[in-house]
Amino acid sequence: QVRLVDSGGGLVQAGDSLRLTCAASGFTFDRYAMAWFRQAPGKEREFVAVINWNGGSTHYADFVKGRFTISRDYAKSTVYLQMNSLKPVDTAVYYCATRSHPEPSLSTKEYAHWGQGTQVTVSS
């Protein structure tokens with residue numbers, strides 16, 4: 001059974017950094033793309049970053065380019081989202097997701113499995 005456990009969120013000040021972690025189990029981790037999405041109160045869930053099966057391809061939403069970095073550790077079956085220079089507009093619940101495909105997708109509809117989410121709050 002696919003399981004994704006998100007962690008690492010918290011309350012930080014603008015300009016600070018956080019690293020989110022997604023621990024994956026129940027599937028062959030090195031075969032599938034992994035992604036991060038986020039959802040702010042009253043808004044739809046939106047794409048943040050994605051990494052393909054071998055880590056050779058990554059894509060980012062324009063609003064996080066240059067600030068966030070997605071990576072994956074195959075030995076630990078874990079995906080990370082390093083978030084630097086955080087802004088109040090980054091406040092949201094962040095979700096890890098996986099799809100049964102090796103290549104990335106930016107659409108929430110393509111992802112069948114989700115973590116429980118981790119809250120990130122950035123104060124000004």
The strands (runs of 3 or more DSSP E) lying wholly within the range 10-91 that contain at least 1 residues that are at pLDDT 95 or above, open to solvent by less than 50 Å² (accessible area, probe 1.4 Å) and not aromatic (Phe, Trp, Tyr) are 10-13, 18-25, 34-39, 46-51, 68-73, 78-83
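Suppose the filter is open to solvent by 10 Å² or more (accessible area, probe 1.4 Å), acidic (Asp, Glu) and in contact (Cβ under 8 Å) with a residue 60 or more places away in the chain; does GLU103 pass it? Steps first, please.
Details: open to solvent by 10 Å² or more (accessible area, probe 1.4 Å): yes; acidic (Asp, Glu): yes; in contact (Cβ under 8 Å) with a residue 60 or more places away in the chain: yes.
Against the criterion (open to solvent by 10 Å² or more (accessible area, probe 1.4 Å), acidic (Asp, Glu) and in contact (Cβ under 8 Å) with a residue 60 or more places away in the chain), GLU103 qualifies.
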The condition from (1) open to solvent by 80 Å² or more (accessible area, probe 1.4 Å); (2) in a loop (DSSP other than H, G, I, E, B) that LYS109 misses is numbered (2)
Going through the range 54-70 in order, the residues found to be in contact with a Ser or Thr (Cβ under 6 Å, 6 or more places away or on another chain) and within 13 Å of ASP90 (Cβ to Cβ) are ARG67
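If you check SER107, SER123, which single one turns out to be in contact with a Leu (Cβ under 9 Å, 6 or more places away or on another chain), at negative phi and of a type in the set (Gly, Ala, Ser)? Please lay out each step first, then the result.
Values: SER107 fails: in contact with a Leu (Cβ under 9 Å, 6 or more places away or on another chain).
Exactly one residue qualifies, and that residue is SER123.
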Subset of the range 71-98, residues touching a residue at least 60 places away in the same chain (Cβ under 8 Å), more than 14 Å from SER7 (Cα to Cα) and in contact with a Ser or Thr (Cβ under 6 Å, 6 or more places away or on another chain), comes to ASN84, PRO88
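The values are calculated or read from the model by the stated rules, or taken from the named source; none is laboratory data. These figures come from a predicted structure and were not determined experimentally. Glycine also receives a Cβ, built like all others from the backbone with ideal geometry; neighbour counts cover every protein chain displayed. These accessible areas exclude ligands, DNA and RNA; they are computed on the full protein's heavy atoms, side chains included. Shrake-Rupley method; radii C 1.70, N 1.55, O 1.52, S 1.80 Å.
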